[in-house]
Every structure is written in C-alpha cells, then in structure tokens.
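The block underneath contains the structure these notes are about, expressed in structure tokens.
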Amino acid sequence: MELICKICGTSEGHIELFKAPISRSLAAHFSPLRHITLKVCRHCGVVGIHPTPDLEKLASYYKMLERDDLSDEEIVASERRRKDYNLELINFLEHYLAQSPTSICDYGCGYGTLANELSKRWSATAFGIEYSERAILFASQHYQLNVVSAEPNEIPGNYDLIVCRAVLEHLPDPLSTLIALRDRVSEFGNLLIVVPNLWSFNLGLFSGERLQSIFKLVHLWYFSSVTLQQLVERAGLRVVGQREADGWSRQGELWMVVERVESSEMNHPTSVDTRLVVRELRRKTFYGRVRSIIETRTKNLLGDRLVSKARNVRKRVLRLLSDSSHEQA
C-alpha cells in the first residue's frame, strides 16, 4: 500500500533512509511496534517516521510523561535555564514583526514562561493553549496567564502574533494545524514557528536504541529550512525571516517568522531535489559515524593518559609528604 504524504498530499512514494529499534520501554507502550523507519517523500523531501504510532497510545504516552509531582520552585528553576534562549528568540522575532503586537497566542505554551516574556516585551495581552494540566495550573497561577486546552480551530479571536514552538514535529497533520493557525493571525500579524533542524543532527552518533536520543518516536516529522518553507507556503503563509539557531537544549533549531497571504499572492511551493536530500542525509550519517569513532577513541586515549598522570602526581605528593614528615622527625 503506497503512503500518501501528509505534507504535500502526493502518493509518489517514499525512500527509506534507515530503520532502528525503539527502546524496550517504548516498545512495551506502543506494542506491537518494534522499529521506526525514517523515510523521505519523493515529491517534497520531508522526512517522517513510518509507521505513525497509534494516536491514542501517543496521547497516553504524553500523559505518562507529565511531571505532576514537580513543585513550583522546581519548575521556576528549570525554566530559568531558558532565559538566554528566550531573550535571543524574542530579539530575533522583533526584527521581523510587521508591527508591535497587542495580542499574543502561544500554541503549546508549556509553563507559560515565553508567553509571559513576550507579553512584557510589548505590553501585550497573552493567551495560551496547552494540554498538560500541571502546566496550565502553573502558568495560570504563576504568570496569571489565560491558558486553556483547545484545538487550533477552536482558538477564539485573532492575534497579532501566534507562537508555535516545538509543536509541529509532534503532530500527525502539521499542515492542517498551520492552516487553522493562519486563520487566527490578524491582517498585519505574524506567526513564529520553531522546529528541530534536521541538518543540525549528527546522524552518525545514533544507531540502535541510541537513535531515540534524537529521532524520538514522538517526533513524527523532521524539517529542513526548505521543507519547512514548503509547508508554510502550502498553508497560505509567506516567509518573512528565518534563522538556523541553537536550541535551548543541544539540538539545533529552525526559527521562522511568517505572514499570511491572500490566495492571489500564493506561490507554488519551492521544489526539492529529493535525491540531494537523501544523499546529504546518508553523507552526514557516514561521516558522523567516522567522526564519532575518532572522538570516542581520542577521548578514551586522553582519558587513560589523564588517569595515569593523576596517579603519578598523587604518588609524588604522597612521597613529598612522607619525606617531609621524616625530616621533621
């Protein structure tokens, strides 16, 4: 049975990149799923996981990951680590906004830290969409944000700025979500999209279960700047500015500011040479593995030398102390 790409809607087929087993804990939760396969759409070049995990199991897995036991102090400490990241993201965003926003919607706002800082930057009214009950409670109490659980097409009103950070890669149908969010962007408003950057991954470092540390089962899609641009163009949006940036974790990200366009202004989505996508991914995989082997061996060698040197220093110190004590005696 031929797969239909949910990004471009074609059935031209997919090219398999590689297959890897999922961890035992994930296999137990998503049974009978045992492996994930990364495939590239022959038409648009987007990379996705196949088969898509059962959506009910995926939802229950997200529920299981929620940290209901975290105290407010622990959440504040955790969010503080993103302070510099949030500031850099806001400065980037400010450079491309058509106007200073008076209303902001953060779709997938988490604990509400970014929404709160955006609100303070422009003295704007902030509104959040979130599914974690613990996150909603914290954002409502700690930042006094209006946060609810809702689908994109259920968001009330229009907004000068909509933020969609670390969300699209989790969705079975990101195109439909972007179309729904586009309809909530005001006439001169903007939408900020943040997703993991496929080209920042050191593919060679991952094999077997270690693959899950970057190609997570919960990340259904992996975008490059070209394929993300295709997605926003298909949703009736236009790129205003973009950056390949460092994420708040070790993972690189794509930051993209877009605006809505009328149907008469819509361009045909940018074409992609899928062969180049596959070739580059396989090249990164090969050279990444070579680099990984070299780094590991160098680290092990250096580590052994440092241990040996430390032991020699310790012996010398003990010898000096011993000689000193004999002299005093």
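Can you give the three extents of the C-alpha atoms in segment 78-141 along their principal axes, from longest to shortest, in whole Å?
On the principal axes, segment 78-141 reaches 34, 24, 16 Å in Cα extent.
HN-Hα J couplings of segment 50-66 from phi, Karplus 6.51/-1.76/1.60, θ = phi - 60°, integer Hz, Gly and Pro as x?
For segment 50-66, the Karplus curve yields 9, x, 5, x, 4, 5, 5, 5, 5, 5, 5, 5, 4, 4, 5, 6, 4 Hz.
So what is Rg over Rh here for segment 71-265, counting just Cα atoms and using Kirkwood for Rh?
Checking Rg against Rh, the ratio lands at 0.95.
All of the numbers you see were taken from the coordinates with simple rules; none came from a lab. These figures come from a predicted structure and were not determined experimentally.
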